[in-house]
Structure formats: structure tokens, C-alpha cells
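Some notes on the structure that comes next.
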Amino acid sequence: MRESLDTFPVTVLTGSLGSGKTTVLNHLVRQPGLHRTLVLINEFGEIGLDHDLVTRGSEDAVFVEMASGCLCCTIRGDLVRTLQQAPGRFARDGRPWFDRVLIETTGLADPAPILHTLMSEPRVARQYELDGVVTVVDAVNGLETLERHPESVKQVAMADRLLLSKTDLIDGEMQVALTARLGALNPGAAIELVVHGAVSPQRVLKLGLYDPHSKSVDVQRWLQAEAFEDANDHPHHDHDPHNHGHDVNRHGEDIHAFCVTREEPLPLEALEACLDTLSATLGANLLRVKGLLNVAGYQRPVVIHGVQHFMHAVDVLDHWPSDDRRTRIVFITQGIERRSIEDLLSAFTGNASSGAMRHPVATRAGGEGAG
């Protein structure tokens, strides 16, 4: 039980879409080192799956889902309120039930505003201290992602530790090229190879008080820009200073997040053929696919994951995480409309979307629930 009123250490776990953050988190929460940890899971869009896909490893860990937006823009105020209220909300006998905080960001998150909030917002800084930034990098898509998505460059450059995932799926030449690129962006961060998310808690926790001055000039400039925006965000108006108008389209208007559902069990082979077609034809614009599926012939839920051109083999969970037995597939795309994917899925599986879910559950980035 926590005895003092010292600040709570906070670790930020970030990385691009499909890099393997949830897999790393799944491994960590089963380790004794995550005992008495408050885990905040942020997802892009109103309907998320990560909270269902994360193993509730320790009974002493507390999990909070933060959906309906992205921590770096539309729900930064929610992060402040959650952290401010957490010591009292999660307490036993008048004392906080947790000793540290682990925040998993969305794959599209720009870490600069999140880190600025943790270090500079008075309501947060008086109770918490940023204890390290850990970034997961997808070895398969890492180089292309760094070229196409500026937020992934920031995720790497601002990290204290880099976890290189999926190295078993690439050759040595590609790994050397990616490692060189990471070293150029952040020469001070140690690079750890992780397979299937396996990493010791000692390698990602207690990394020391975050020091922006030890980072590159770019990192310092990005954080200074956030401070400037805060200082000039109409301080005399009565509104949440962390829901900035300038942040609304931080991810771009062509980024879409939506969830397709099916009430009836799906034929697995037809679904796999559909996903293969999507991956082959849409490729780099299919930023992320993840789903919890009710598949014909299976009593347990089937899990699918995909990033751009690469679709992982399907997996089966031990049990359904809730009473909801519907198929739910989350798509995050760039320049691809929901209707196109729904029509293709229906063509392969012969099922129409659930009537209750015909309207998008998440709009374009910047809209309600898109983040």
C-alpha cells in the first residue's frame, strides 16, 4: 500500500498503428512488475477493442479505457481529469490503490502534446511525474511508416527506449537499415528487440525523470511549440485549455476510423479472402485492421490483426471478454471510405451490417469520436 504523498511515476507507451503496443502491454500486465498499476488505454474512435484484447493479468492492476478521441488532441482534457481524480477514485481505506501509471496511446498520437500535458499542466504535475517514454516500432512497416506519417517520427525521437517488434519477419539487411534510421532520429535511446511482445518490466519502467534537454533540438522545439499554444489559447475564456481548436484536425481529414459489425457468425475462409484482397489492393492506405470475430464453427472468439500490406495469422482467445458476441472489426484508413470496405466485406461473406450500426461510429479525424 502506498504510504506517502509523493508523485506517481507515469510511463507512456506509444508507437505507430499495428506496431505491437497492445501485445507488449499484454505481456507486461502479466508480470509482477505491473503490480498496482493504473493502466490507461486510449483508442482511436468510439468503438475500441484494445480493452477487450488486453489480458487482465493482475487483480491489483486498474484498467481505464479512454475512447471517443485521441489523447493528443480531442480528449486531452479527459486525460487531465482522469489523472486528477484517480487517487480518490481508485482508493482503499482512503489511500490510492495504485503506485504507478502506464498510458498506452493510439497509434496516430503525436506524443508532444501528451508529454507537455503530463509535465506542465499544474493539476497533473503536482501529483504525477513523467518517468519514461517507450516507443514500439514495427520492423516490417517501420521505414515506410516513418516516411509517410510525421507523428511516427515524433514517437521515435521523443522516446527513452525503443522496442523493435516483428524482427522475426524481416531479413538482416532491412533490420540494419531500420536500426540506422532510428539511431539517426534518436541516438540516445536504447533499442531492444522484442518477439511477441516479450519484454521485462525493468526495461520499460523506472527509466528516470523525463528530460527534454537530453533530446534532440527537434524534440525541444516540438515541446516549446505546445507551450506556446497553451500560453496563447485565450486564457481568459472559461473552457478546457487542453481541447485546443488548432488540434481538431491534427491527424488530417483523410484519416477515417470506423467499426463494422455483424450479428451472425462469419465464414472464416471468406473473411480471410476478403482481408487478403483489402490488404493487396489498398495496402499502405489500410493503416490498421483489428477485429474480435464470431466465426462459424468456433465457440471462442477469433482475433484478426493487420497493418497495411501485412495481415497476421488469425488467433483464438480462450474466452469471450464480455457478453457481446457480435463480430466487431475496427478499420483505420487513409482516403478509404467506410462504404467501400463494407461493400467488399458483404460481397465475400454474404452478410449485411447490423442495422444498429449502419451509421459510422467514428467520423473523420477531428469529428466527434475520431481523435
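Details
- Annotation for the range 189-231: trypsin sites (Lys or Arg not before Pro) lying in DSSP loop with at most 15 further Cβ atoms inside 10 Å of their Cβ are 206.
- Put simply, the amide H of residue 193, placed in the peptide plane, has neighbours under 5 Å in 164, leaving out anything fewer than 5 places away on its chain.
- What the phi angles of the range 259-266 give under the Karplus curve with 6.51, -1.76 and 1.60, with θ = phi - 60°, is a coupling list of 10, 9, 10, 9, 7, 8, x, 9 Hz, glycine and proline written as x.
- Our coupling estimate for the range 110-120, obtained by passing each phi through the Karplus curve with A = 6.51, B = -1.76, C = 1.60 and θ = phi - 60°, is 7, x, 4, x, 5, 5, 4, 4, 5, 8, 10 Hz, Gly and Pro reported as x.
- The range 283-357 and the range 103-162 have Cα centres lying 27 Å from one another.
- The slack in the chain from residue 169 to residue 325, taken as 0.36 nm per residue of separation less the alpha-carbon distance, amounts to 52.9 nm.
- Calculated FRET value between residue 202 and residue 317, using beta carbons and R₀ = 22 Å, to 0.05: 0.20
- Residue 7-residue 298 pseudo-label distance in nm [points 7 Å out on the Cα-to-Cβ vector]: 4.4 nm
- Comparing 225, 210, 198 along the charge dipole axis of the range 186-229, the residue lying farthest to the positive side is 198, per the Cβ-charge model.
- Charged-residue dipole, Cβ positions (Lys, Arg, Asp, Glu), the range 108-210 about Cα centre, Debye nearest 20: 360 debye
- For residue 202, net neighbour charge (Lys/Arg +1, Asp/Glu -1) across residues whose Cβ lies under 12 Å away: +2
- Near the amide H of residue 8, within less than 5 Å, lie the amide hydrogens of 128, 129, all on another chain or at least 5 residues away, with H placed in the peptide plane.
- Net charge, residue 223 excluded, C-beta distance under 12 Å - Lys, Arg +1, Asp, Glu -1: -3
- Using θ = phi - 60° and Karplus 6.51 cos²θ - 1.76 cosθ + 1.60, couplings along the range 217-223 (whole Hz; Gly, Pro as x): 4, 4, 4, 4, 5, 4, 5
- Under 5 Å between amide hydrogens, built in the peptide plane, is the criterion, and for residue 39 it picks out 62, 63, 64, 102 among residues at least 5 positions away or on other chains.
Bear in mind these aren't lab numbers, they're just calculated from the coordinates by the rules spelled out. Note that this is a predicted model, so its numbers are computed, not measured. Note: ideal-geometry Cβ built from the backbone for every residue, glycine included; neighbour counts use all protein chains shown.
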